[in-house]
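**Q** The structure's right below; bear with me while I get my questions together.
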Amino acid sequence: MVDLKPPDALLIGQRRLERAVGWVRVAAATVLIVGSLITAIDAVSVLLGTALIANTVVAAVRPRAAAGRQRVRQVSAAADIGVVCLAMLVFSLDPLSALPAVGALVIVTSSLRAGASHALSYAAALSIAELASTLFGARVVGAPLDPYRLVADLAVYQLTVPLVRWVDGEFRVLGTQLEYRALYDTLTGLPGLELLLDATERTIAAAQRHASKLAILVIELRNFAAVNTAFGYETGDLLLQQVAPRLLDSLPEARMVGRLGGAKFAALLPEAPDAARAVVAAQRVLRALQRPVTVAQHALDIEASIGIALHPQNGTRADVLLRHGEHAALAARGSGDGYAFASETEPGDAGRLELAAELRAAIDRDELLLHYQPMVSMKTARVVGAEALVRWSHPRRGLLAPDAFIHVAEGTTLIKPLTHWVLNTALRDCRAWREAGHDLGVAVNVSMGNLMDPQLPATLRGLLDASGAEASWVALEITESVLMARPERAMEILSQLRRMGVRLVIDDFGTGYSSLAYLHRLAVDEVKIDKSFVLGMGTDVSSVAIVRAAIELGRTLDFETCAEGVEDRATWEVLASIGCDEAQGYYVATPMTKTELDRWLKDSPWMTQGPVGDTGVT
Ligand code: C2E
Ligand code: CA
Ligand code: CA
């Protein structure tokens, strides 16, 4: 593990110092040239001054020449030595008190570039050079010898050495800090992705030598985006800063705990952490995150999911293990435990391909069916529409929920025929309700693949015409992540759909990273607050705060809000009191077949009396 601690404070800006030194050189050079011009045009002085200026230029390009830095450094130091030897010669022939200043300056700049350890050698070299050239001047040219001046000059060179060491120390602090910034997450102080990969690679190498195991935990804070949306980014940052030490405390055995970015962290557990030990560690983390975090006077609950990837089962490369861990963290969202193991095969492997082939056949064979879940207006307690939720009546595995196969469709082009089938069926069913006198709309979920399909508006137009349904009856539910992944492309298609008169709904609001700007630009009609917040309303205050913030946002940006996952009357009442427009959930009704819904529309107390019983589950 790279051991870098953040230095306390930045004392010197490296570039600023370098620039300052450069200006001093230029000034010295100017004095030299001008000075020699006044007495007589001394070609050697002009040469010396020009050399100093050139030397400054070489030094000035250094910060930018990152790749050839070493080379520039050497050239620059050699040039300095050359310049000073020339200076020695010139000054010993025509002694000037500027000599020690130039010498000291050259020791400083050369050492800064070549390393402070060289300062003493440079000082010694200059002392010898000055001694030699002074003696040469006295003996050969007959220049007067001034022993006091000579001793003073040599003393200046020696005193320059500690000065160089001090400046170099400051540089080192700065260098460490720059390196630190590149490798560490400045918000939490935890190592970043690069260090994590590096440490994992090395741990893997060690594990392979000793035939031992290791595990990676990917820890994701699910509600982080919602906190950002509801309370602002500053609060989000403070939350992350409080989470980091909890992770460190709860994972003493981790070789490294780092931040992958966003609200994702990863921990590297070396030394044979088999599945059972990894689970113990994951549970410890989940417990540590159970206590609400207090930031800016809000007590926020943290919802974490942990993905566990094991070496060598899930991979023998750091990046592969991390990717598996991230996938598993996604899978953990749906698990009751809060953690999930990476599957032993790559995502996109044989099992998925087989399922994809089966699903393709299933669409053609009409094995899909729709369940509908009513949505009711909280103002009138009337049913305003139903969401179409696809199911697969699998010949061997029975009725499959969408979670078992939608991801397969989404990972292939199958999502197009699937959505086509859902839209077609939903539009026809909606038309039938209308004909039976029910003023209902129908909501259909659309995926990323659909929104990247420029044909979608034309396809929908065709289906509307064929079924006799109207665009205004249809709502398309889009998750935030879909919207934000390729916003411009999605916006284009969504705008076309809007112009057709289709309602646009943001689904699972609070779980992704919505940009308010896009919500506004798209003029979405409705936002569905994710059920994780609605389900949490009874037990934790931050969920209530988030739901309330979403409803406020709806008022400001002029969209309706629908709460999904309303399971009891208490939640309904709270939602009604804070001004939520619509509700959907088991309290009203569970998803049901078209036939069941037809019956429900006729008999349900909801259709006559509104929220009466304590549960709508039938
Ligand atoms: P979603 O759009 O968020 O759908 C709501 C899910 O919440 C449904 O699960 C529904 O059964 C469940 N739910 C409804 N009320 C409650 C409640 O009171 N409490 C709880 N705990 N859950 C409730 P389902 O049907 O399993 O659908 C899961 C997801 O599959 C959907 O999430 C949607 O993202 C996706 N999906 C369903 N049908 C389609 C489809 O036709 N196309 C696409 N692309 N995705 C679909
Ligand atoms: Ca939905
Ligand atoms: Ca949803």
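**Q** Between Rg and the Kirkwood Rh of segment 247-367, both from Cα atoms, what is the Rg to Rh ratio?
**A** Rg/Rh: 1.08.
**Q** Taking the convex hull of the alpha carbon atoms in segment 456-510, what volume per residue do you get, in Å³?
**A** Measuring per residue, one finds 70 Å³ for the Cα hull of segment 456-510.
**Q** I would also like to ask the following. Under the classification rounded if a/c is under 1.5, otherwise prolate if a/b is larger than b/c and oblate if not, where does segment 378-512 fall, given a ≥ b ≥ c as square roots of the Cα gyration tensor eigenvalues?
**A** Since a/c stays below 1.5, the shape of segment 378-512 is classed as rounded.
**Q** Let me ask something else about it. Give me a comma-separated list of calculated 3J(HN,Hα) values for segment 376-381, in order, Karplus coefficients 6.51, -1.76, 1.60 applied at θ = phi - 60°, integers in Hz, x for any Gly or Pro.
**A** With the stated coefficients, segment 376-381 comes to 10, 6, 7, 6, 10, 6 Hz.
**Q** Here is a follow-up. Whose amide H sits under 5 Å from the amide H of G585, counting only residues 5 or more places off or on another chain, with H placed in the peptide plane?
**A** Placed amide hydrogens put G565, V566 under 5 Å from G585.
**Q** Now, a different point. Along segment 396-403, what does the Karplus equation 6.51 cos²θ - 1.76 cosθ + 1.60 (θ = phi - 60°) give for ³J(HN,Hα), rounded to whole Hz, x for Gly and Pro?
**A** 9, 9, x, 6, 9, 6, x, 4
**Q** While we're on this one: Assuming a viscosity of 0.890 mPa s and a temperature of 25 °C, what translational diffusion coefficient in µm² per second does Stokes-Einstein assign to segment 552-601, Rh being the Kirkwood radius over Cα pairs?
**A** 203
**Q** In addition: Provide the per-residue ³J(HN,Hα) series for segment 221-233, in order, calculated from phi with Karplus coefficients 6.51, -1.76, 1.60 and θ = phi - 60°, each as a whole number of Hz, with x at glycine and proline positions.
**A** For segment 221-233, the Karplus-derived couplings read 8, 5, 8, 4, 4, 5, 4, 4, 5, 7, 10, x, 5 Hz, x marking Gly and Pro.
**Q** Taking square-rooted eigenvalues a ≥ b ≥ c of the alpha carbon gyration tensor, is segment 171-315 rounded, prolate or oblate, where a/c under 1.5 means rounded and, failing that, a/b exceeding b/c means prolate?
**A** Here segment 171-315 falls in the oblate category.
**Q** Turning to a different aspect of this structure: Here are some pairs, K416/K531; K379/K531; K264/K416; K379/K602; which of them have Cα atoms lying more than 24 Å apart in this structure?
**A** From the list (K416/K531; K379/K531; K264/K416; K379/K602), the Cα-Cα distance tops 24 Å for K416/K531; K264/K416.
**Q** Non-local amide H neighbours of L300 (under 5 Å, H modeled in plane, Pro and chain starts lacking H): which ones?
**A** Placed amide hydrogens put V293, T294, V295 under 5 Å from L300.
**Q** Once amide H atoms are placed 1.01 Å from N in the peptide plane, what residues at a sequence separation of 5 or more from G441, or on another chain, have their amide H within under 5 Å of its amide H?
**A** G385, A386
**Q** Each label point is 7 Å from the Cα along the Cα-to-Cβ direction; what then is the distance between the points at R287 and D465, in nm?
**A** Here the modelled spin labels are 6.5 nm apart.
**Q** Once a ≥ b ≥ c are taken as the square roots of the eigenvalues of the Cα gyration tensor of segment 474-614, is the result rounded (a/c under 1.5), prolate (a/b larger than b/c) or oblate (a/b not larger than b/c)?
**A** oblate
Laboratory data are not the source of any read-out in this text; all were calculated from the coordinates shown. Everything numeric here is computed off the predicted structure, so don't read it as measured data. Cβ sites come from the backbone with ideal geometry, for glycine too, and all protein chains shown count toward neighbours.
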